[in-house]
Amino acid sequence: MRHVMWMALFASLTAFVFGVVAKGTDRQRVIYGLKVFAEFLVIAFVLGWILYFLPLR
Amino acid sequence: MVAKEITRPVAKAPGNAWLMGVAAWAIPGLGHLLQGKWVRALILGGSVWAMFLIGLAIGGHLFRIGPNDQGVSAMLQLLPISANFGAGLLYIGCWLTNTGFVEQAQRVTYEYGNTFLLCAGLLNYLAMLDAFDIAAGRKP
């Protein structure tokens, strides 16, 4: 759980910055920030599951 | 079409914009604060400060070229140093006080800390460009 928490915190802080520096109306930037946050989480979970099945040890 | 794009005149940025860019780099959030963009300053500055301080608190370390780094080893440090350097005076303050340069690889959150510290600097570069664009009138 700790890893997920740090990852989510990182994603949220990064998404804040990406959302604020983006162009467009306030609404568009909020949606963009939320999209960035969701993309971080989804990609992290997908990569996590892919790595889980790889025999790396 | 391409020639048209290349020869298009570019508006020269005023000196004030460069000053805002430097202020935004030096102290995260200051560039926007000086321009009266309180909300942006709070979100951008708050995020960069939070990432930097959290990165240090959870065991991340800052990069620099030490006495043992020679040749390729020293070159390999340049990229992370340039990322860390983006945090401005936060990085310079740590460098002057020798804070945050010790590797704590035994800690579970060591890599997270490094990532937080590196990205704090990189995101502050973005904030710096945003402050510059606002001062130059290229952004509302």
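Any read-out appearing in this document is the output of simple, stated calculations on the displayed coordinates, not a laboratory observation. Given the structure is predicted, the values throughout are model-derived calculations rather than measurements. Note that we place each Cβ from the backbone using ideal geometry, even for glycine, and neighbour counts take in every protein chain shown.
Projecting label points 7 angstrom from Cα along Cα→Cβ for B:ILE92 and A:ALA8 puts them 3.8 nm apart. Annotation for the stretch B:71-140: chymotrypsin sites (Phe, Trp or Tyr not before Pro) lying in DSSP loop with at most 16 further Cβ atoms inside 10 Å of their Cβ are B:PHE101. In this Cβ point-charge picture (+1 for Lys and Arg, -1 for Asp and Glu), chain A has a dipole of about 20 debye about its Cα centre. Placing a label point 7 Å from the Cα of B:ILE65 along the Cα-to-Cβ direction, the residues of the stretch B:80-103 whose backbone N falls under 13 Å of that point are B:80-82.
Rounded to whole numbers, the Karplus 3J(HN,Hα) couplings from phi for the stretch B:102-108 are 7, 6, 10, 5, 6, 7, 4 Hz, using 6.51 cos²θ - 1.76 cosθ + 1.60 with θ = phi - 60°, and x at Gly and Pro. Restricting attention to the protein assembly as shown, the count of lysine pairs at 8 or more positions apart or across chains with alpha carbons under 15 Å apart stands at 4. Couplings 3J(HN,Hα) for the stretch B:63-73, derived from phi with the Karplus relation 6.51 cos²θ - 1.76 cosθ + 1.60 (θ = phi - 60°), are 9, 7, 8, x, x, 8, 8, 10, x, 4, 4 Hz, where x marks Gly and Pro. Using the Cβ-Cβ distance between A:ASP26 and A:LEU47 with R0 set to 30 Å, the FRET efficiency works out to roughly 0.40.
Restricting the trypsin sites (Lys or Arg not before Pro) of the stretch B:11-97 to loop positions (DSSP other than H, G, I, E, B) with no more than 11 neighbouring Cβ atoms within 10 Å leaves B:LYS12. With the simple spin-label model, which puts each label point 7 Å out from Cα in the Cβ direction, the B:GLU111 to B:VAL72 separation comes to 2.3 nm.
The phi torsions of the stretch A:12-20, fed into the Karplus equation with coefficients 6.51, -1.76 and 1.60 and a -60° offset, translate into couplings of 5, 5, 5, 5, 4, 5, 4, x, 6 Hz, rounded to whole numbers, with Gly and Pro shown as x.
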